[in-house]
Amino acid sequence: MHCAACPVLIKSELEDMPEVSSAKPSLKHHTVEVSGDFGDKTQEHIARDLTEVVKTHGYSVSVEKHRHGVRWSEFSLAVPIALAFIALFIILQKLGIVNLVTTANVTYGTAFVIGLIASVSTCMAVVGGLVLSMSANFAKEGDKIRPQVLFHIGRLVSFFLLGGVIGLLGSTFVLGATGTFILSFTVALILLVLGINLLDIFPWMKRWQPTLPSFISRHIHGLKEVNHSLTPVLVGVATFFLPCGFTQSMQIYTLTTGSFWTGAFTMSAFALGTLPVLALLSFSSLAIRKKAQSGVFFKTAGLVVIFFGLFNLINSLVAVGLIPPVFSF
Amino acid sequence: MNPTVVSIIIATALIGGALLLTTRSPEVASVDNVSVENGKQIIEITAKGRYAPILTSAKAHMPTTLRIETNGTFDCTSILRVPSIGYQKNLPPTGTTDIELPPQKSGAVVQGLCAMGMYNFTVRFK
């Protein structure tokens, strides 16, 4: 159980069984207290019967609580891989990839190239970090391809529509210093929590995982479904507003176009440019989740996401002048 | 060789490379980017992928103009912030932008940052 909606779902499923008179799931303790008339079945037999009912939603019931074991050995491979990835990220920044943009005229082609560059630039620390942590977390919970696809659809549609809107209005959603700070700081904290979560060493951190609040999810049917389809779409839409220099300067260019369609197509071309790298990040978790190395992969992803979180945290503090610059590229 | 050894070697090489590239201390501009026109000091800084030069020495007690040049700049450096004078502006992708600085005391430091904080430049006044 990982979401506020799960206990509601489990309760309703179990209480639909004729034998069960009441079921009290607890998200906090990952337990369910079931009472009812089961005849003379053994506890193990009852647990098997209960599992049959909730299995379709991805849960299982056992008599004993699952012991949580940390596989520290996986870190011996995860740490060097993560460090290599981080070093590669820093080297990429030092190479001056932004200098590949030589033209001042923004065509749809240029917007696409700028998107490609943005996806391996420091923006990756924000959007890429979010994509990696989200998809890895979903993959870990056994989700299939859907949440990932929904995220990318949400992102492309929002770039098309919102790009058109700022093109038409000639004004943009560029945030001031305080707004940027609050947003970067929040994203950094989310990344840190999701990253630590992926390491799988502190099970109690799961409680902090950002999901829909239970007062909303309680009133919606198909509860787990909503959480796993609405969340990725919303995150995809939200990436339009995330602090990333490239996205922001493309938006500023777009507002000078004064046309819905030019704006929409420019921002879409940019979003398509970022798609290959982002898709690679989100679908690699899917490809690997069933393999033996998946533990190493999730830990590596966790370490990288934690690095991105710290990177954003430090940069957001630097940008408001609270601490002197740490990174200078 | 087992994969652990291979990955550790690759990681060490990459980290070493990254450190070599990042730990170069910012030298004072080798190019002369400070000029004086009609009693006014002009400091030229280019913004693209980074601010260059990253460290500039300028004269104190003199009206000063920061002249930021952009040329096909679409990254974070185009969203410039100079906290000490409360300045924030989106620079045009290509062009020059002048920022007026009041005369600075000797020893004063003016810092420019991009809005997300990963690029910066420093001007020291003497």
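The values are calculated or read from the model by the stated rules, or taken from the named source; none is laboratory data. A quick note: this is a predicted structure, and the numbers were derived from the prediction, not measured. In this analysis, Cβ positions are derived from the backbone assuming ideal geometry, glycine residues included, and neighbour counts consider all displayed protein chains.
For region B:47-62, a tally of residues being outside any loop (DSSP other than H, G, I, E, B) and farther than 12 Å from B:Phe121 by Cα returns 1.
Residues in region B:28-46 that are within 21 Å of B:Cys114 (Cβ to Cβ) and at pLDDT below 55: B:Ala29 only. Selection of region B:46-86 for residues being farther than 27 Å from A:Gly115 by Cβ and of a type in the set (Lys, Arg) yields B:Lys59, B:Arg67.
Filtering region B:58-97 to residues that are among the aromatic types (Phe, Trp, Tyr) and within 9 Å of another protein chain (Cβ to nearest Cβ) leaves only B:Phe74.
Could you go through region B:50-57 and let me know if any residue there is over 12 Å from the mean Cα position of the chain (by Cα) and facing chain A (nearest Cβ under 7 Å). Scanning region B:50-57 turns up no residue that is over 12 Å from the mean Cα position of the chain (by Cα) and facing chain A (nearest Cβ under 7 Å). Considering region A:130-159, and only residues there that are of a type in the set (Lys, Arg) and assigned to a helix (DSSP H, G or I), the residue that is farthest from A:Lys299 (Cα to Cα) turns out to be A:Arg155.
Considering region A:284-294, the residues that are away from chain B (no Cβ under 12 Å) and out of contact with any Ser or Thr (no Cβ under 9 Å at 6 or more places or on another chain) include one that is nearest to A:Arg71 (Cα to Cα), namely A:Ala292.
The conditions of being surrounded by 18 or more Cβ atoms within 10 Å (Cβ to Cβ), β-branched (Val, Ile, Thr) and not in a helix (DSSP H, G or I) are not met by A:Thr262. Within region A:24-31, can one find any residue that is at pLDDT 75 or above, in contact with a strand residue (DSSP E or B) (Cβ under 6 Å, 6 or more places away or on another chain) and buried (at least 18 other Cβ atoms within 10 Å of the Cβ)? Within region A:24-31, one or more residues are at pLDDT 75 or above, in contact with a strand residue (DSSP E or B) (Cβ under 6 Å, 6 or more places away or on another chain) and buried (at least 18 other Cβ atoms within 10 Å of the Cβ). Against the conditions (1) more than 20 Å from A:Gln251 (Cα to Cα); (2) within 14 Å of another protein chain (Cβ to nearest Cβ), A:Ser133 satisfies every one except (2). All conditions in (1) modelled with pLDDT under 85; (2) in a helix (DSSP H, G or I) hold for A:Ile86, with the sole exception of (1).
Residues are listed down the side, and each one gets a yes or a no for (1) without any contact (Cβ under 8 Å) to a residue 60 or more places away in the chain; (2) more than 17 Å from A:Asn99 (Cβ to Cβ):
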| site | (1), (2) |
| --- | --- |
| B:Ala58 | no, yes |
| B:Thr70 | yes, no |
| B:Ile79 | yes, yes |
| B:Thr96 | yes, yes |
| B:Ile99 | yes, yes |
| B:Lys105 | yes, yes |
| B:Gln111 | yes, yes |
| B:Ala115 | yes, yes |
| B:Arg124 | no, yes |
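Just checking, does region A:303-320 include any residue being farther than 15 Å from A:Gly195 by Cα, facing chain B (nearest Cβ under 10 Å) and of a type in the set (Ser, Thr, Tyr)? There is at least one residue in region A:303-320 that is farther than 15 Å from A:Gly195 by Cα, facing chain B (nearest Cβ under 10 Å) and of a type in the set (Ser, Thr, Tyr). Go through (1) within 14 Å of chain A (Cβ to nearest Cβ); (2) part of a loop (DSSP other than H, G, I, E, B) one by one and return the number of the condition B:Phe121 breaks. If we test B:Phe121 against (1) within 14 Å of chain A (Cβ to nearest Cβ); (2) part of a loop (DSSP other than H, G, I, E, B), just (2) comes out false.
Checked against (1) outside the structural domain of A:Val79 (by TED's automatic domain parsing); (2) at pLDDT 85 or above, A:Pro276 meets all criteria but (1).
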